[in-house]
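The values are calculated or read from the model by the stated rules, or taken from the named source; none is laboratory data. Quick caveat, the model's predicted, so the values are computed rather than measured. Backbone-built Cβ (ideal geometry, glycine too); neighbour counts: all protein chains shown.
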Amino acid sequence: MDFLNKIKQKFFKKRKNTFHEQVQQEKKQKYLFRSDEEDVYVAKRGMRKTLLGKEKRKNLNPAYSTFFQKSVEKIVGDRDLKHFMAIIGAILIMLVVYIVTFSPYFKISATKVLIEPMTDGVDLSIVQRSAEVAYGQSIFTLNEDTIAKNIKDNLKNTEMIRIERLLPNGIKILVKSLPIQFDATIFGVENKRFGVSSNGVLVPIADMTTTEFSRHLQLVSSELQAELFFGYKKVISDRSMFVITKIFELFEKEWPDFTVASANYFVVENELHIVLESNTKIIFALQGEVGATGNDFSKNLLEQLVTLQTYINSNNTNRTGLLNGSTMYLDVRVPGKIFSCPDSLNCKQNLISVYGRVYE
């Protein structure tokens, strides 16, 4: 009987020890796998858990809960956890790329394209058509240079374009045009009036808030007369437009007594006929190679201007003839030479025979 009691005591003692070991193991897991020596809480038989020591925790390494650890181990198996996290990161990056590139939520919508002109002379319909290249593109991968180039190719009097992105699927286009230098008419075309930009583009007067100009230019061209649409058409080269503007400025600054009423520009011949208030015409040829900088007068034109200056300053008779209109026209197209025509009847016939109905 004593033998059986001893066996029972050993058996239950072993189960009791096993139970205590399980409890200790659970405590270790609960307190992030800390050992008894490091744990700040120690359980004592018959007593509540008391805080021992004043030592601060040092070098604590984060640990996973048992549940999370087992879950990760089930997913990744024996593979390294870093590889698993790298795969997760790659998947997230692929999702972001897909959303940015292909998601319709971020694609430019035609109804979300706003156009704001900063100056006169901007055709909104041309800008709208030019901006169609942006439709359907992701707002994050939008090529602003392509849109700006397309607008400049179609709206040739554009000086500056700024494109702002409006999340999630819109853009705002701000367009600034080149300054208007003249108001212009086309010989043989009635009831049509335009502004001429500094690079020689016709701007419909309806698109301008300022409609009064001190400089007037009449364009003479049989090709222009046959045109059906004139708006935003480039009719004068950049070089010729620069020279025309400079000649007007020269008269205004150097010869203020000779007020310029208007000018006729013959497109094919590339000639400028300045018409003074006295109705005297001064004929310039704009041909010639450009100057060294590309923004100054050619040698040929400089010689024409020097010849005119010499003629004006040589005597009062020449000046008076220009002021009162007794001189019908001056032809300074040949450098170093000048042809003056004072006979109104014969001179007019000469002009008509060369330039047609413009001077009838």
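For region 224-236, the criterion of being basic (Lys, Arg) and surrounded by 14 or more Cβ atoms within 10 Å (Cβ to Cβ) is satisfied by at least one residue.
Counting residues in region 92-110 that are closer than 24 Å to Pro179 by Cβ, touching an Asp or Glu at 6+ places or on another chain (Cβ under 9 Å) and either among the hydrophobic types (A, V, I, L, M, F, W, C) or modelled with pLDDT of 85 or more (or both) gives zero.
Does Arg193 satisfy being under 14 Å from Ala263 (Cα atoms) and of a type outside the set (Phe, Trp, Tyr)? Lay out the reasoning, then the answer.
Details: under 14 Å from Ala263 (Cα atoms): no; of a type outside the set (Phe, Trp, Tyr): yes.
Judged against the criteria, Arg193 is not a match.
Restricting attention to region 99-133, which residues are small (Gly, Ala, Ser) and within 13 Å of the chain's Cα centre (by Cα)? Walk me through how you get there before you give the answer.
First, pick out the residues of region 99-133 that are small (Gly, Ala, Ser): 103, 109-110, 121, 125, 130-131.
The answer is Ser130, Ala131.
Being within 18 Å of Asp238 (Cβ to Cβ), assigned by TED's automatic domain parsing to the domain that holds Ile244 and not basic (Lys, Arg) holds for only one residue in Val189, Val220, Val201, and it is Val201. Checking each residue in region 321-341 for being modelled with pLDDT of 90 or more and exposed (fewer than 12 other Cβ atoms within 10 Å of the Cβ) picks out Asn324, Lys337.
Kindly indicate which of Glu212, Glu144, Glu132 is among the charged types (D, E, K, R) and either in contact (Cβ under 8 Å) with a residue 40 or more places away in the chain or farther than 30 Å from Phe106 by Cα (or both). Selected residue: Glu212, the only one of Glu212, Glu144, Glu132 that is among the charged types (D, E, K, R) and either in contact (Cβ under 8 Å) with a residue 40 or more places away in the chain or farther than 30 Å from Phe106 by Cα (or both).
Applying the criterion of being in contact (Cβ under 8 Å) with a residue 40 or more places away in the chain and among the basic types (Lys, Arg) to the residues of region 153-194, the residue that is farthest from Glu116 (Cα to Cα) is Lys156. In this structure, is Thr210 modelled with pLDDT under 95 and either loosely packed, with under 15 Cβ neighbours inside 10 Å or over 21 Å from the mean Cα position of the chain (by Cα) (or both)? Answer is yes for this residue.
Please count how many residues of region 203-257 are assigned to a helix (DSSP H, G or I) and small (Gly, Ala, Ser).
Filtering region 203-257 down to residues assigned to a helix (DSSP H, G or I) leaves 205-207, 222-225, 238-254.
This time we only want the ones that are small (Gly, Ala, Ser), so: 206, 222, 240.
Selection size over region 203-257: 3.
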